[in-house]
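Presented below is the structure to which this report refers.
The values are calculated or read from the model by the stated rules, or taken from the named source; none is laboratory data. Please read all numbers here as calculations on a predicted model, not as lab measurements. Cβ sites come from the backbone with ideal geometry, for glycine too, and all protein chains shown count toward neighbours.
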């Protein structure tokens, strides 16, 4: 758990972060969102003490961070930044092994861990372990960055616009990957972005920041339904909210399940239970269908969802 | 191994020529027919070579240590204030002719090896300092941020990340510095240091072109040998630290 109590950061006379109070529960993904210069990155960098705070206190699992050795503090916090910051003179494997090596793990344990992480992030160890960062694509490099942050199994993950510099398709993939990994490892995550859609997709709770203050700290659904101010309302997009709400809910919520799963025909157009309602509606609109079958992860047909129900209850 | 062949070959030629200069007597007699003595004999060439090399090695070692230390200090948070001053000194100092340094050093340090060593250290420091600053400043800030943010101590960041990444550029600075100093050391002969400049000065004073040539050839060969040695060192460094020729 991370707690910020009345945390303030000044740069000279300007106040970058102004008396911020924020509690991030263990295992949740808290996304700090706001336009550039709103203090979200500054807030993140104060958590691992890259920037000392001017006033207030920051507690990690109940302990005041100013009293802790900054190196020890950071070794227990994975850190992923935009532009990766991979070490260009080290191979991918050595980059991932950085923190375990600092912690002086035995060699075999490090090798096994690197292997495990590369597989978790969908990088083939045989082809990629001995490459250098400049031989990777942007998406691959960012995966290595995430693997490096997870290497020593830290309790906390700090991510500063990690997917900001990759193309839209790669970003989408990395976001899905992040959701999948988060389901497996459950790290307490603080994620900074300026992209509200990314925030809505990844967050358990979103903290909207403006001019160094937190304007609203709530679940994605509540941010959309009950924006606290005009600023939040314009950030989430006034007119677009209906569809955004739909994209938060999985198809599972509104489908009519079959009594027992049916085996699927091969090549059936698969809409999964985990897909969101917005996607389901889009499929139906495009194919001009009143309803569409839903499949589970094993590819069995488990129910159907109708256009009518999505429109009535979706948002 | 092929990397080390050119410097090794050049070194063999250099030592061979220093030891067996008299063999070339007919050649020098043809160049300088009007002198009785055409091979410089007021000191063996091997001794002069050794002394010349010693001056360069000592000055390079001291200069490298001082310049790298200075460059590192000026790029640390505590030394940041000095960075503009240090980089200005590094650039301006280069415009100072070494002869001027010698002329100023002699009254203080007397004749012999001391003033030339002083001049060589001072003069050789600057290219190394400049390159150390360029190398450290040229590192992608995201790399430094990631290193610190993931729990490296400042010393670990320096030793494991910054120096390996800046090392190639620092090495290039040392190469420049040493090559310049091999030539500059010869001037030491004017103030009583024993170097390969001795035959050159003696030849100029006596109007003996053969002497001048002997000194000049050996100094040139020494510079070539050292330069190709650094070439090999730099390539080895590349293989070790930046296999794709990539810098941060």
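Once the stretch A:59-77 is narrowed to residues that are farther than 11 Å from residue B:150 by Cα and free of Cβ contacts under 8 Å to residues at least 24 places away in the same chain, the residue that is surrounded by the most Cβ atoms within 10 Å (Cβ to Cβ) is A:65. In the stretch A:250-268, the residues that are closer than 11 Å to residue A:293 by Cα reach residues that are assigned to a loop (DSSP other than H, G, I, E, B) and at pLDDT 85 or above with C-beta atoms within less than 7 angstrom, at least six apart or across chains, in these pairs: A:251/A:275. Counting only helices (runs of 4 or more DSSP H) that sit completely within the stretch A:90-173, those holding 1 or more residues that are more than 12 Å from chain B (Cβ to nearest Cβ) and closer than 16 Å to residue A:78 by Cα correspond to A:107-120, A:138-150.
Of note, residue B:147 satisfies the criterion of being crowded, with 22+ Cβ neighbours inside 10 Å and either out of contact with any strand residue (DSSP E or B) (no Cβ under 8 Å at 6 or more places or on another chain) or under 16 Å from residue B:91 (Cβ atoms) (or both).
Taken over the stretch A:78-89, the criterion of being modelled with pLDDT under 90 and either more than 9 Å from chain B (Cβ to nearest Cβ) or surrounded by fewer than 24 Cβ atoms within 10 Å (Cβ to Cβ) (or both) is satisfied by A:82, A:83.
Per-residue answers, yes or no, for (1) surrounded by 14 or more Cβ atoms within 10 Å (Cβ to Cβ); (2) under 21 Å from the mean Cα position of the chain (by Cα):
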residue	(1), (2)
A:228	yes, no
A:235	yes, yes
A:250	yes, yes
A:259	no, no
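Counting only strands (runs of 3 or more DSSP E) wholly contained in the stretch A:1-43, the ones carrying 2 or more residues that are in contact (Cβ under 8 Å) with a residue 60 or more places away in the chain and farther than 26 Å from residue A:175 by Cβ occupy A:14-24. Of the listed requirements (1) touching a residue at least 24 places away in the same chain (Cβ under 8 Å); (2) touching a strand residue (DSSP E or B) at 6+ places or on another chain (Cβ under 8 Å), residue A:218 misses just one: (1). For residue B:142, the conditions (1) in contact with a strand residue (DSSP E or B) (Cβ under 7 Å, 6 or more places away or on another chain); (2) surrounded by fewer than 16 Cβ atoms within 10 Å (Cβ to Cβ) are fulfilled apart from (2). Within the stretch B:7-43, the set of residues being at pLDDT 90 or above and touching a helix residue (DSSP H, G or I) at 6+ places or on another chain (Cβ under 7 Å) comprises B:7, B:10, B:11, B:13, B:14. Residue check: is residue A:113 without any contact (Cβ under 8 Å) to a residue 60 or more places away in the chain and surrounded by fewer than 23 Cβ atoms within 10 Å (Cβ to Cβ)? Spelling it out, residue A:113 is indeed without any contact (Cβ under 8 Å) to a residue 60 or more places away in the chain and surrounded by fewer than 23 Cβ atoms within 10 Å (Cβ to Cβ).
Test each condition in (1) in contact with a helix residue (DSSP H, G or I) (Cβ under 7 Å, 6 or more places away or on another chain); (2) free of Cβ contacts under 8 Å to residues at least 24 places away in the same chain; (3) more than 14 Å from every other protein chain (Cβ to nearest Cβ) for residue B:115 and report the one that comes out false. It fails just one condition, (2). Within the stretch A:7-54, the residues that satisfy the criterion of being in contact with a strand residue (DSSP E or B) (Cβ under 7 Å, 6 or more places away or on another chain), at positive phi and surrounded by fewer than 22 Cβ atoms within 10 Å (Cβ to Cβ) are A:19, A:27.
Can you list the helices (runs of 4 or more DSSP H) found entirely within the stretch B:127-241 that contain at least 2 residues being more than 14 Å from chain A (Cβ to nearest Cβ)?
B:163-185, B:197-206, B:209-241
Is it true that residue B:60 is within 19 Å of the chain's Cα centre (by Cα) and either modelled with pLDDT of 85 or more or not in a helix (DSSP H, G or I) (or both)? Here the answer is yes, as residue B:60 does meet what is asked.
With B:6, B:22, B:33 as the choices, which residue is farther than 17 Å from residue B:196 by Cβ and not in a loop (DSSP other than H, G, I, E, B)?
Selected residue: B:6, the only one of B:6, B:22, B:33 that is farther than 17 Å from residue B:196 by Cβ and not in a loop (DSSP other than H, G, I, E, B).
Checked against (1) within 14 Å of chain A (Cβ to nearest Cβ); (2) surrounded by fewer than 18 Cβ atoms within 10 Å (Cβ to Cβ); (3) without any contact (Cβ under 8 Å) to a residue 24 or more places away in the chain, residue B:109 passes all but a single condition, namely (1). Of everything in the stretch B:158-216 that is within 26 Å of residue B:104 (Cα to Cα) and over 22 Å from the mean Cα position of the chain (by Cα), the residue that is surrounded by the fewest Cβ atoms within 10 Å (Cβ to Cβ) is B:205.
The set of residues in the stretch A:61-77 that are in a strand (DSSP E or B) and within 14 Å of chain B (Cβ to nearest Cβ) contains only A:77.
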